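Step one of this worksheet: look at the structure below.
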Amino acid sequence: MAEGGSGLNIHPMEQFEVRSLFGDGPVHWYTPSNAMLWMALAVILVSVVMVYGSRGRALVPGRMQSIAESIYGFSHKMVEDVTGKQGLKYFPYIMTVFMFILGANVLALIPGAFASTSHIAVTALLALAVFISVTVIGFARHGIGFLRLFWVASAPTVALRIILAVIELISYFVRPLSHSVRLAGNMMAGHAVLKVFAGFAGALGAVAFVPILAITAMYGLELMVAVVQAYVFAILTCVYLNDALHPGH
């Protein structure tokens, strides 16, 4: 209850604050923080699943090996379907990004955990890495011909082609923003809603079964969102890579 009056004292955005792991001092880029901890745990989780799961390479796979092989096969097929055989050269990078985001999203569902992918600083860095990489790949493979990506040759008039080129150019440079905001926004919104329902449950006491049911349903939805958002980030990376490999309309 709020001090000095009635009502609910719920602060759903407090869970997204980056704090130092040691003391209450200011957080700098080099300060060990909760964000750094949970990103490191995501890397460890992915490493355990993929390395430990595939270490035996048994003819009849166990549970962990089946999970590792399924993720590998799914990621490989996704890259090949979108980018073709040429894109498989960059499969390790795309799978690494996919697995990191998936691991961070899933770990964020643990009560008391920190949702590192809810921060635009994290998702923007991932998106910028993709944007710069595919741009460099495009110019490295095609030189000035990469600019065909912005020229809609099928447009009926030159004037229309120029207008469309400007639109394509703007949309290209907006990619990192949309790529990063989509992931961060979805993760932040879901966790904020969970916090609100948890606040209701704590305030209602014995009659908290309704918000508890809502939290249970939200957890199922957030688990689906965690997987879907990792997939969306990875599939968009494949789409952008395909543009770099095969520019032109």
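Here is how the numbers come out for the structure above:
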| quantity | calculated |
| --- | --- |
| Test: residue in region 117-126 that is free of Cβ contacts under 8 Å to residues at least 40 places away in the same chain and in contact with a Phe, Trp or Tyr (Cβ under 9 Å, 6 or more places away or on another chain) | no |
| Members of region 89-112 found to be farther than 15 Å from residue 236 by Cα and either without any contact (Cβ under 8 Å) to a residue 24 or more places away in the chain or part of a loop (DSSP other than H, G, I, E, B) (or both), listed by number | 89, 92, 108, 109, 110, 111, 112 |
| Test: residue 146 is of a type in the set (Phe, Trp, Tyr) and not in a helix (DSSP H, G or I) | no |
| Conditions (1) of a type in the set (S, T, N, Q); (2) free of Cβ contacts under 8 Å to residues at least 12 places away in the same chain; (3) outside any helix (DSSP H, G or I): number failed by residue 178 | (3) |
| Unique match (being small (Gly, Ala, Ser), touching an Asp or Glu at 6+ places or on another chain (Cβ under 7 Å) and assigned to a helix (DSSP H, G or I)) among 190, 220 | 190 |
| One residue from 219, 240 being aromatic (Phe, Trp, Tyr), within 19 Å of the chain's Cα centre (by Cα) and surrounded by fewer than 16 Cβ atoms within 10 Å (Cβ to Cβ) | 219 |
| Close pairs from region 4-23: first more than 21 Å from residue 184 (Cα to Cα) and at pLDDT below 85, partner of a type outside the set (A, V, I, L, M, F, W, C) and surrounded by 10 or more Cβ atoms within 10 Å (Cβ to Cβ), Cβ under 6 Å, at least 6 apart | 8/199; 10/199 |
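The values are calculated or read from the model by the stated rules, or taken from the named source; none is laboratory data. Here the structure is a predicted model, which is why all the values come from computation and not from measurement. All Cβ positions, glycine included, derive from the backbone under ideal geometry; neighbour counts span all protein chains shown.
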